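Take a look at the structure below.
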Amino acid sequence: MFLASLTEGFEEFKRAVFSFDRISDLLDVLLVAFVIYSIIKLIRETRAIQLAKGVLLLAVLYVIVSLLDMQASEYIMSFVFGNLLLILIVIFSPEIRHALESMGRSSVSNINIFNFRNRSDDLLEENVRNAVNCVCRACADMSDKKIGALIVFEKDTMLGEIIKTGTAVDAVVTTELIGNIFFPKAPMHDGAAIIKDGRVAAAGCILPLTDNNELSSELGTRHRAAIGLSESSDAVVAVVSEETGAISVAEKGVLKRGISDGDLREILMKNFVKDYKKTDKKIKRIFRGRKNGKED
């Protein structure tokens, strides 16, 4: 029964794919191919690929059970595959959410139709530049003193849920403010500070930890939290190790370890200042080009 329906479905698929009566049929096939390609690209380097392999093996098992006419097993498998769409939605919900967020951050959907910002672009850019410079100076100072810090720069993905886990600050970024937030024994030093539109939106925030089990055992909670947030959003996260004073930055799920404060500034400027030029030597001279050792 299953094999017959599978054969019939395959024949219908061939007729639909290889016979184009209308131009819309070709566009339909191209759209389906693009969706399948996008799904494979999305899950290729994530844990979801292992789940996808499991679903594929289950489908092969279903075919074998049907061929051998194992009625009890076939009944169970048919029930599973009858609710396969719902099961896949539950299993792949993090990946689906990530895909939708990626679509929302795409260049097409980022056309500024709904502009909720009240500040002018010039003022916003000035605030962002100031925030980057002050954070980099603060990271350099905390690196020398081996004071741990976790600083998040919000990009296109809104971090409202993360901000709610901390204490609202809404203040202009200064080197002194960052130093006070992460001063040892200060109430909010263990959490993360969120930089939004060039201002400190909140501090003492809780970030999601990465589920990547292949990370080095040297990495502590701060670094795992930085990677975790960069995996689930497009935020850029700066980290200062409390153990070694090393500066790191997490972006797109990748942690760059042992960078200088100058390197950190360049990464942040490239991400948040559109007209940033690499030839900005005057400001670059403010930042030291030293390298740090490995972090915890």
### Task
Classify segment 121-284 as rounded, prolate or oblate from the Cα gyration tensor: take a ≥ b ≥ c as the square roots of its eigenvalues, call it rounded if a/c is under 1.5, otherwise prolate when a/b beats b/c and oblate if not.
rounded
### Message
Skipping prolines and chain starts, which residues have an amide H placed within reach, meaning under 5 Å, of the one on residue 202, given they are 5 or more residues away or on another chain?
### Response
169, 170, 194
### Message
Which of 222, 257, 199 has the fewest other C-beta atoms within 10 Å, and how do the rest follow up to the most?
### Response
199, 257, 222
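Expressed as cubic angstrom per residue, what is the convex hull volume of the alpha carbon set of segment 177-231?
Hull volume over Cα atoms, normalised by residue count, gives 90 Å³.
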#### Entry: Pairs beyond 32 Å (Cα-Cα), from 53/164; 53/155; 145/252; 164/185; 164/256; 146/270
53/164; 53/155
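Rule-based calculations on the coordinates, nothing more; no lab input. A quick note: this is a predicted structure, and the numbers were derived from the prediction, not measured. Every residue, glycine among them, receives a Cβ derived from its backbone with ideal geometry; neighbour counts consider all protein chains shown.
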